Amino acid sequence: DAGVTQSPTHLIKTRGQQVTLRCSPKSGHDTVSWYQQALGQGPQFIFQYYEEEERQRGNFPDRFSGHQFPNYSSELNVNALLLGDSALYLCASSLGVLAGYQETQYFGPGTRLLVL
Amino acid sequence: KNEVEQSPQNLTAQEGEFITINCSYSVGISALHWLQQHPGGGIVSLFMLSSGKKKHGRLIATINIQEKHSSLHITASHPRDSAVYICAVQFSYSGGGADGLTFGKGTHLIIQP
């Protein structure tokens, strides 16, 4: 079991550019959540995908968008990059279950994005 | 506003000491997670709690739903326990499934030999 994988591990972009980050969930998981972690801060929830749809979204602008594929892998896209988008982007996978039962989220190693 | 507060922010202790990290939250939750993050970013899930107490090796996590408070304890601490420990909660949500987490800012723990 490869666990949650993310690519690339590091990325450098300039302001105004667009970036795509990728996440493959842990085998058997169908739900992917994305988080942004600024230096020295705790992660912040961006959005979550389940059954190829965005289920929940945190307080992030529309420049942040995503997609989930039929194999449950997911992409995070950020348009018109700002300096403040520099952060570690974490992906977590879990198994979407019926209401009332919670599942542990498994985290990937993250993609470190630097915007110059 | 749904908030998660952790204390202390920084903690330095000697090897062998008993460590306690605290987490409090503002409103009802469906689950609370304790996570460990090492330099470089990788996050490992240590515990997920909705009530009571869980133990794994030298780690113990407790939660008091009425007081909206959880603690993570490390017994016989070791330098390899040095990491950032993060409390994260899933606020009550009627839609079910595994929902987005709200994180505390983390506790930076250093265990000196």
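The values are calculated or read from the model by the stated rules, or taken from the named source; none is laboratory data. Computed from a predicted structure; not experimentally measured. When we count neighbours, we look across all protein chains shown, and the Cβ atoms used for this are built from the backbone with ideal geometry, even at glycine.
A few points about this structure:
- Any chance residue B:55 is surrounded by 13 or more Cβ atoms within 10 Å (Cβ to Cβ) and of a type outside the set (A, V, I, L, M, F, W, C): no
- Subset of segment A:62-76 [assigned to a strand (DSSP E or B) and more than 9 Å from the chain's Cα centre (by Cα)]: A:64, A:65, A:67, A:68
- For residue B:75: the one exception among (1) without any contact (Cβ under 8 Å) to a residue 24 or more places away in the chain; (2) farther than 23 Å from residue A:108 by Cα; (3) over 11 Å from the mean Cα position of the chain (by Cα): (1)
- Being among the polar types (S, T, N, Q), without any contact (Cβ under 8 Å) to a residue 24 or more places away in the chain and either over 19 Å from residue B:76 (Cα atoms) or away from chain A (no Cβ under 11 Å) (or both) holds for only one residue in B:7, B:30, B:50, and it is B:50.
- Members of segment B:80-92 found to be modelled with pLDDT under 80 and part of a loop (DSSP other than H, G, I, E, B), listed by number: B:92
- Residue that is nearest to the other protein chains (Cβ to nearest Cβ) [pool: residues in segment A:32-46 that are in contact (Cβ under 8 Å) with a residue 12 or more places away in the chain and either part of a loop (DSSP other than H, G, I, E, B) or more than 11 Å from the chain's Cα centre (by Cα) (or both)]: A:43
- Identity of the residue in segment A:62-81, surrounded by 18 or more Cβ atoms within 10 Å (Cβ to Cβ) and touching a Pro at 6+ places or on another chain (Cβ under 9 Å), that ends up modelled with the highest pLDDT: A:74
- Among the residues of segment B:93-113, those identified as modelled with pLDDT of 70 or more and facing chain A (nearest Cβ under 8 Å) are B:100, B:101, B:102, B:103, B:104, B:105, B:106.
- Residue match in segment A:49-61 (condition: surrounded by fewer than 20 Cβ atoms within 10 Å (Cβ to Cβ), in a strand (DSSP E or B) and touching a Phe, Trp or Tyr at 6+ places or on another chain (Cβ under 6 Å)): yes
- Conditions (1) in a strand (DSSP E or B); (2) among the polar types (S, T, N, Q); (3) over 29 Å from residue B:5 (Cα atoms); number of the one not met by residue A:27: (1)
- Meets criteria (of a type in the set (D, E, K, R), within 11 Å of chain B (Cβ to nearest Cβ) and more than 22 Å from residue B:42 (Cβ to Cβ)) for residue A:15: no
- Hits in segment B:53-77 - residues which are of a type in the set (Val, Ile, Thr), part of a strand (DSSP E or B) and within 14 Å of chain A (Cβ to nearest Cβ): B:63
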